[in-house]
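One structure is given below, encoded as structure tokens.
The values are calculated or read from the model by the stated rules, or taken from the named source; none is laboratory data. For clarity, every value in this text was computed on a predicted model and none was experimentally measured. Using ideal geometry, Cβ is built from the backbone for each residue, glycine included, and neighbour counts are taken over all protein chains shown. Heavy atoms of the whole protein, side chains included, go into the accessibility calculation; ligands, DNA and RNA do not. Shrake-Rupley method; radii C 1.70, N 1.55, O 1.52, S 1.80 Å.
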Amino acid sequence: MTILSPRGDARTEPRGDGGGGAPRLADIAAQARVSEATVSRVLNGKAGVAGPTRTRVLAALDVLGYERPVRLKRRSAGLVGLVIPELTNPIFPAFAQVIEQVLAGHGYTPVLCTQMPGGATEDELVEQLEERGVTGIVFLSGLHADTSADPSRYVRLAGRGVPFVLINGFNEHIDAHFVSPDDRSAARMAVRHLVELGHERIGLAIGPTRYVPSRRKAEGFTAALRDLLGVGPEEAELRVRQTLFGVEGGHAAAETLLDQGCTGIVCASDLMALGAVRAVRGRGLDVPRDVSVVGFDDSPLIAFTDPPLTTVRQPVQAMATAAVDALLEEIDGNPVLGAPPSGSWGSTEFVFQPELVVRGSTAQRR
């Protein structure tokens, strides 16, 4: 098991003021969206500041890297585990950073658990988190997203009284809160964009369809081909290439789609899109002059690739914040909007709308 941090509530080296000593009121006030006078009252432990406002100021201290005054240091409200598949795909660290910040703002200590090849499994990570007495767990793109995996592990976890929330991958057999992007809508956005640019032969590179996000993207893609281009079901299925996640998988899928004459390629991740770009260039073709490529995620730094990648952005900030909020409500025993009022929580999915970000990897078909 790899557990990175837990991160403490205070740091010995201030970062927010460029290495200086005392916290700057203006910086903290701007981060917390309050007045400098309010910050001063909080730092000096004076009354007259509402609880939520005081919490925002303290969270701003943490985010900016300032050490809290001794009188304001607090005990952690508890450990919350964050189980993610890997760190090589930049979208996972992006989620982890936001989740950790939101948890810290509520007084919880995040514990990041990463599954490595040949390392601990998700079940083993959960077992070790339980041994450490975690207050709750956030699962990001875990086994809950794999329709071939046994969902009873989550039933047993709930039976042991451990609150948890699941991101990316709805499973109706698990009574829990789910947070997902609208994968079908994401695929439709990408196809519509390419159709508006004049592309008629469009392909999709996705991971195995046993994963819920892949299956939903495939459904949105084939429906968009039917509605926008009149492509029949059999032909639409031929335009969907299942492959491995990552650059190599995107490269392999793009090779097949290029053989089919596709001039537009939609990918299920930014890394897969980079592999597709490499495949196009390997044939002496140009992106976007000859082939347009669309990614998914809008991972950090993806705007600076060559060419800058057109992609469908996951609303990471909103999704991560909603996941933590749902978890904390469950920890507190409060019902979440949309959850059934009966004794069982039921399966509740909060779906967030993605956003098409147009950059330099797509262009009008010649």
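Summary of computed values
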{"read-out": "Neighbour net charge for residue 260 - beta-carbon separation under 13 angstrom, K R +1, D E -1", "value": "-2"}
{"read-out": "Accessible area of region 114-210 divided out per residue, in Å², using a probe of 1.4 angstrom", "value": "40 Å²"}
{"read-out": "Neighbour net charge for residue 117 - beta-carbon separation under 15 angstrom, K R +1, D E -1", "value": "-4"}
{"read-out": "Listed residues 148, 361 arranged by accessible area, highest first, probe 1.4 Å", "value": "148, 361"}
{"read-out": "GNM top mover of 27, 62, 182 - the chain, alpha-carbon springs below 10 Å", "value": "27"}
{"read-out": "For the chain, size of Cβ-based charge dipole, Lys and Arg +1, Asp and Glu -1, in debye", "value": "1060 debye"}
{"read-out": "Rough spin-label spacing in nm, given labels placed 7 Å along Cα→Cβ, for residue 358 and residue 173", "value": "4.3 nm"}
{"read-out": "Accessible-area ranking of 302, 331, largest first, probe 1.4 Å", "value": "331, 302"}
{"read-out": "Percent of alpha-carbon pairs separated by more than 22 Å within region 197-275", "value": "15 percent"}
{"read-out": "Virtual spin-label span in nm between residue 238 and residue 219, 7 Å along Cα→Cβ", "value": "2.5 nm"}
{"read-out": "Share of carbon and sulfur in the accessible heavy-atom surface of the chain [1.4 Å probe, %]", "value": "52 percent"}
{"read-out": "Share, in percent, of DSSP beta bridges within the chain that are antiparallel, nearest 5", "value": "15 percent"}
{"read-out": "Relative counts (whole %) of C-alpha pair distances in the chain, using bins that are 10 Å wide", "value": "5, 22, 27, 22, 16, 6, 1, 0"}
{"read-out": "Cα-centre dipole for region 189-262 with unit charges at Cβ (Lys and Arg positive, Asp and Glu negative), debye to 20", "value": "300 debye"}
{"read-out": "GNM result for the chain, Cα springs below 10 Å: residue of 65, 159, 105 fluctuating most strongly", "value": "159"}
{"read-out": "Environment charge of residue 301, counting only residues whose C-beta is closer than 15 Å and scoring Lys/Arg +1, Asp/Glu -1", "value": "-2"}
{"read-out": "Radius ratio Rg over Rh of region 227-332, counting only Cα atoms, Kirkwood formula for Rh", "value": "1.11"}
